[in-house]
Amino acid sequence: MELIVDRLTKHYGDIIAADRISLALHQGVYGLLGANGAGKTTLMRMLCGVLRPTFGEIHFNGIDVNQAEYRDKLGYLPQEFGYYPEFTALDFMLYMAVLKGLPKLRAIEKAHELLALVSLENVAKKKIKTFSGGMKQRLGIAQALLNDPQILILDEPTAGLDPKERVRFRNMISKLGETRIVLLSTHIVSDIENIASTILVMKNGQMIHQGSLQDIIRVIEHKVWVCTVSQAKADELMRAYSVINVRQDEGGVFLRMVCDKRPCPEAVETSASLEDLYLYYFSEEKTGE
Amino acid sequence: MNSFWNLTGYEYKKILRKKSAIVILVLAIAVAALCNYGTVIGYEYVNGQPSVSKMQSMKIDRAYTKALSGRALDSELMMETAEAYAKVPVDGKYTDTEEYQTYARPYSQIYGIMRVVMNDSADKFAVTDLQDLTQEQADSFYSKRNEKLERTINEMAIGDASKEKLLEMSEKVKTPYVIEYADGYTRFFTILYTIGILASFVTAILLSPMFAGEYTSGADQLILTSKHGKNLLIRSKLFVAMTFSAGLCLFFMLMTYLQCMLMYGFNGANAQIQLYLPLSVYPLTMGQVGIIFAVCFLFANLMVTALTVLLSAKMKSPFGVIIIIAALIIVPMFISSSDNSALLNNLLCLLPTNMMALWNVLSSFMFEFFGASVEPYIIMPIFAAAIVSVSLPFAYRIFKNHQIA
């Protein structure tokens, strides 16, 4: 099982949304990390065949991204997906199952099974327009799994889920990754930290890092510092360094920072996390796409 | 194949499960019903006072025309009509008089036909002219018709081959005309234009989201990443659009036909079209015209449908589609054709709204190709079919290649 991405490039006029991205993905969970506008969604759309690259190729086990056979092996949950308000959850699942080429009986069986998996079985016959945001998101997750995909691409899948659901879903993805390629994009760093076997970091359309959590955070090893200082000192440090966390403590202001050298005499080095890395890379990125 | 029919079922569900779609369909059916029944609702007024109901009046006219059915519109019948009308005082509104109701009204259809033939551009054939009708005038009725037609045809900006063909066809028209009651058909021809416009609007509104709705809702991402989303589903959508439109048209046509026939009677299929259009050159019966008209009507609507789905695939919003299609339907109603240009007439005839008007379907402006002349009602469906067969593959390609950027 191999998903090959070869020099994938996407230009929008002068803007380069994806710049010569090359990857070889095998079974496992891949966490795609990057600030808004880094090119994550563009990459995912190209991997799903709904956005034509300016240059480059995508193949799964030798099957081109534009072939129906490729789509047959694909499950996709877009960041925002459309539904038919007048359809019930079951109708929607059955419709998606037909679109994905499932035979009728298998479609019914699979639709019920997945609705139960995402805790929507008791509302299967309710119209989607009555669903909350989280319920719609769960329905989106369920439809992505209908064809038992070998490539599962999830763009912000945990958005709108409550913490309990998020953890449950995270565990589910982790399990799914045992037998397929799962590419997951999220801003919730802890989700990736917990389940991704490989982390892909994108910035300005380029894949700047890829590797395991340990490999990735090696970049900021010995660069994460914590300290508790006065308000005036804290203000000074915040202006000078990438501050990851600020908290008012009894003894002053607690700061967690990423910087190449000890920022102040009070600072103590601490172990790095993925969130530290994220903020280290993207602290200067503007938010909002 | 099974998947195709399943997808087709879901596409129908997408259209018909919307409350707005049901409301639009119910309203359209109500309007269509009113178009027909509206003409027999209310009263006839004589001297400002209500006399009989319009329904009763229609029944009276029907009985009078039926009484004349089977008779040839010859000199004898024309003189008989003149004699009956001679008893009517013509000062004021003559149709309000007792004499008109008693003597002339049974011959009102005859006067209606005679008037069209005997009218001159400078001199209208008034009731007083009918009252003074001479035997000579009555005897020359058909030669006057032929002269008038010949003059009109020769003055038209059409080729010689067309003129020749029109005159040849005109010669085949059976004379003298044989009177027959055919109000069901004439009413059907009149109403079908309105019904056609209504059906086109309904089709445009209900089918505009066919592809554009997927773009606006964001469902396109799910569709286009699924196995059948870039092939079978698009075929199914196009199939649904065409069958839905054809079904809607057939329903409206059948409804209008049955309404007209049930109200006015099923008679008249074999009556010649000249009883409705006395100067028409086409040697056709009402039934034949009904079929020809229905075919043009159906193809005009299929053309609107194909353009709707093409625009729906191309545009990002169903509203834009509705606006363009509405303009395509409405604008031709305000463009008057010119007798000085056959080409302009021909082109205007090919607009969907004009295809649904009987005067265009039976227009004397033939389509000329390399010296041959073809009737508009033959070209209209062919042209519509060509537009459909070009538009649908384009719509298919556009949606298939749609990029989610």
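Output the residues belonging to the stretch B:1-59 that are of a type in the set (Asp, Glu) and at the interface with chain A (Cβ under 10 Å from one of its Cβ atoms).
B:Glu11 - this is the single residue of the stretch B:1-59 that is of a type in the set (Asp, Glu) and at the interface with chain A (Cβ under 10 Å from one of its Cβ atoms).
Are any residues in the stretch B:174-207 buried (at least 21 other Cβ atoms within 10 Å of the Cβ) and in a loop (DSSP other than H, G, I, E, B), and if so, which ones?
B:Tyr177, B:Ile179, B:Glu180, B:Tyr181, B:Ala182
When you check A:Arg52 against the structure, is it assigned to a helix (DSSP H, G or I) and either in contact with an Asp or Glu (Cβ under 8 Å, 6 or more places away or on another chain) or at the interface with another protein chain (Cβ under 8 Å from one of its Cβ atoms) (or both), yes or no?
Criteria not met by A:Arg52.
Which one of these does B:Ser389 not meet: (1) over 20 Å from the mean Cα position of the chain (by Cα); (2) crowded, with 23+ Cβ neighbours inside 10 Å?
The number of the failed condition is (2).
All but one of (1) in contact (Cβ under 8 Å) with a residue 24 or more places away in the chain; (2) more than 28 Å from A:Pro163 (Cβ to Cβ); (3) not acidic (Asp, Glu) hold for A:Gln67; which doesn't?
Going through (1) in contact (Cβ under 8 Å) with a residue 24 or more places away in the chain; (2) more than 28 Å from A:Pro163 (Cβ to Cβ); (3) not acidic (Asp, Glu) one by one, A:Gln67 breaks only (1).
Say whether the condition of being in the same structural domain as A:Arg7 (by TED's automatic domain parsing), touching a residue at least 24 places away in the same chain (Cβ under 8 Å) and part of a helix (DSSP H, G or I) is met by at least one residue in the stretch A:261-276.
No: the stretch A:261-276 contains no residue that is in the same structural domain as A:Arg7 (by TED's automatic domain parsing), touching a residue at least 24 places away in the same chain (Cβ under 8 Å) and part of a helix (DSSP H, G or I).
Considering (1) crowded, with 16+ Cβ neighbours inside 10 Å; (2) of a type in the set (Val, Ile, Thr); (3) modelled with pLDDT of 85 or more, say which one A:Ile188 fails and leave the rest.
(3)
What are the pairs, 6+ residues apart or on separate chains, where a residue within the stretch B:256-270 that is within 15 Å of B:Asp61 (Cα to Cα) and in contact (Cβ under 8 Å) with a residue 12 or more places away in the chain has its Cβ under 9 Å from a residue that is of a type in the set (Ser, Thr, Tyr) and assigned to a loop (DSSP other than H, G, I, E, B)?
That search, which allows pairs on different chains as well, returns B:Tyr264/B:Tyr181; B:Gly265/B:Tyr181; B:Asn267/B:Ser69; B:Asn267/B:Tyr181; B:Gly268/B:Tyr181.
Listed residues B:Ile234, B:Ile223; which is free of Cβ contacts under 8 Å to residues at least 24 places away in the same chain, crowded, with 22+ Cβ neighbours inside 10 Å, assigned to a helix (DSSP H, G or I) and within 13 Å of another protein chain (Cβ to nearest Cβ)?
B:Ile223
Go through the stretch A:124-145 and count every residue that is among the β-branched types (Val, Ile, Thr) and more than 19 Å from B:Lys13 (Cβ to Cβ).
Qualifying residue count for the region: 1.
Mind checking which residues of the stretch A:92-103 are more than 7 Å from every other protein chain (Cβ to nearest Cβ) and either farther than 14 Å from A:Arg71 by Cβ or assigned to a helix (DSSP H, G or I) (or both)?
A:Phe92, A:Met93, A:Leu94, A:Ala97, A:Pro103 - these are the residues of the stretch A:92-103 that are more than 7 Å from every other protein chain (Cβ to nearest Cβ) and either farther than 14 Å from A:Arg71 by Cβ or assigned to a helix (DSSP H, G or I) (or both).
Would you check if B:Pro50 is over 23 Å from B:Asp183 (Cα atoms) and in a strand (DSSP E or B)?
Against the criterion (over 23 Å from B:Asp183 (Cα atoms) and in a strand (DSSP E or B)), B:Pro50 qualifies.
Restricting to the stretch B:343-368, count the residues that are over 18 Å from B:Glu168 (Cβ atoms) and of a type outside the set (A, V, I, L, M).
8
Those residues that are touching a residue at least 24 places away in the same chain (Cβ under 8 Å) and surrounded by fewer than 23 Cβ atoms within 10 Å (Cβ to Cβ), I need them from the stretch B:244-255; list them, please.
Answer for the stretch B:244-255, where residues must be touching a residue at least 24 places away in the same chain (Cβ under 8 Å) and surrounded by fewer than 23 Cβ atoms within 10 Å (Cβ to Cβ): B:Phe244, B:Ala246, B:Leu248, B:Leu250, B:Phe252, B:Met253, B:Met255.
The values are calculated or read from the model by the stated rules, or taken from the named source; none is laboratory data. Only a predicted model underlies this, so the values are computations on that prediction, with no experimental measurement involved. As a convention, Cβ positions derive from the backbone with ideal geometry for all residues, glycine included, and neighbour counts pool all protein chains shown.
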